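Nothing in this text is a laboratory measurement; each read-out follows from the coordinates by a stated rule. Everything numeric here is computed off the predicted structure, so don't read it as measured data. Glycine gets a Cβ as well: all are built from the backbone with ideal geometry, and neighbour counts include every protein chain shown.
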Amino acid sequence: AKGQACVDLFFSEYVEVSSFNKAVEIFNASADTIDLTSYNVKLYSNGDTTPTFSMGMSGNLSPSEVYIIAHPLATLFDSTIVDSLSTSVNFNGNDAIGLYKDSILIDVIGEIGVATVWPVGAGSTQNYTLIRKDTVKQGRIDWLLGANEWDVYPIDTDSLGYHACYCNDTIITSIRENEGDYVQVYPNPVNDILSIEVTSSSLYPIRLVVFNTLGQEVYIREIND
């Protein structure tokens, strides 16, 4: 039910597309800022039962914000929003990937110990982008159930940096914001009304582009003064 509270961290997006363009996004669904040092991501290649790659995280993740891990050779993604580069996301669609807290599995994509491409909706874990449904409130370690919790998008599309989640009858949304001197975006996260304020003059025109949670452009404006 949408009215339930959200819990802890979970995978909110999985991108397995062309070449080395692979990434996972992790969403903080809780109401607390989380210390990431207790968490890590492990990759299980080709049905292995022991991790092929493991990557720890550091820093703090605020409520409703995301942490993005991309392959070091990825070229598709906006590098300014990627938090970490790691070969721990060198998956090929038949490799399970787990999110751990204090060595305990709290979320998984695929089945650890199984080497196959897993079907997801009309797509699969290979050559697709998977985005967690906004009704999902926490991780799931049973992939047979978890496979039904994703929306599927075509190859070479992503909405990294955005995620929406229903918690306690309110949709909470992570948004990318310009942290420069000229524009302030608030509140972040936003539930209803988003305010965008140009705080000082710029020598160059400012192009304002607003995206929805699927990465689609919903508003564009040039600000010249």
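So the values come out like this:
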read-out: FRET efficiency for Thr135 and Ile81, using Cβ-Cβ distance with R0 set to 25 Å, rounded to 0.05; value: 0.55
read-out: Convex hull of Cα atoms in the stretch 19-80, direction-averaged projection (nm²); value: 5.3 nm²
read-out: Point-to-point label distance, Thr49-Asp32, nm (Cα→Cβ direction, 7 Å offset); value: 3.4 nm
read-out: Value of Rg/Rh across the stretch 1-52 [Cα atoms, Kirkwood radius]; value: 1.06
read-out: Size of electric dipole in the stretch 100-168: Cβ of Lys, Arg +1 and of Asp, Glu -1, about Cα centre, debye, nearest 20; value: 140 debye
read-out: Solution diffusion estimate, µm²/s, Stokes-Einstein, the stretch 47-178, Kirkwood Rh from C-alpha pairs, 37 °C, viscosity 0.692 mPa s; value: 206 µm²/s
